[in-house]
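One structure below.
The values are calculated or read from the model by the stated rules, or taken from the named source; none is laboratory data. Computed from a predicted structure; not experimentally measured. With ideal geometry, Cβ positions are generated from the backbone for all residues, glycine too; neighbour counts draw on all protein chains shown. The accessibility values were calculated without ligands, DNA or RNA, using every heavy atom of the protein model including side chains. Shrake-Rupley method; radii C 1.70, N 1.55, O 1.52, S 1.80 Å.
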Amino acid sequence: MRMVGYRCKKCNYASIMQTAFCPRCSSQQFEEIQVSDYGEVYSYTTIRVAPSEFIDVAPYQVALVQLTEQIKVTAFLKETVQIGDHVQFKEIKNKAIIFERVEANS
């Protein structure tokens, strides 16, 4: 499974979330784009008291992952990460976008 992105044809806003309207210009015209499965941790936090659907996997980390120049995604990670770590998309499970840490030269 690969990640897919969407770009507004009017203003070039890009996201991995498909929406009915562009949050920048309100256009309804989007094109599907290729998005890298690899990224770099931009920011993160550790969740120790989890919502009910994730209580069995706590503690875990939620990170903001920079995929491309324009696209950042909120990611679920079971292992510990730091800002600047390299990560790779693994799967989507229970509406969570799951990444895992990889070596920088992967």
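Listing for the model above:
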item	result
Residue among Val87, Val81 that is surrounded by 14 or more Cβ atoms within 10 Å (Cβ to Cβ), in contact (Cβ under 8 Å) with a residue 12 or more places away in the chain and not in a strand (DSSP E or B)	Val81
Matching residues, segment 40-72, being within 10 Å of the chain's Cα centre (by Cα), at pLDDT below 95 and open to solvent by less than 80 Å² (accessible area, probe 1.4 Å)	Leu67, Ile71
Selection status of Glu69, out of contact with any Ser or Thr (no Cβ under 9 Å at 6 or more places or on another chain), charged (D, E, K, R) and part of a strand (DSSP E or B)	no
Every pair of residues 6+ apart whose Cβ atoms lie under 8 Å, when the first sits in segment 45-61 and is outside any strand (DSSP E or B) while the second is of a type in the set (A, V, I, L, M, F, W, C) and open to solvent by 70 Å² or more (accessible area, probe 1.4 Å)	Ala58/Val49
Count of residues meeting criterion [under 11 Å from the mean Cα position of the chain (by Cα), more than 19 Å from Ala14 (Cβ to Cβ) and surrounded by 14 or more Cβ atoms within 10 Å (Cβ to Cβ)] in segment 91-106	2
Residue list for segment 1-27, filter: among the hydroxyl-bearing types (Ser, Thr, Tyr) and either more than 20 Å from Leu67 (Cα to Cα) or loosely packed, with under 13 Cβ neighbours inside 10 Å (or both)	Thr19, Ser26, Ser27
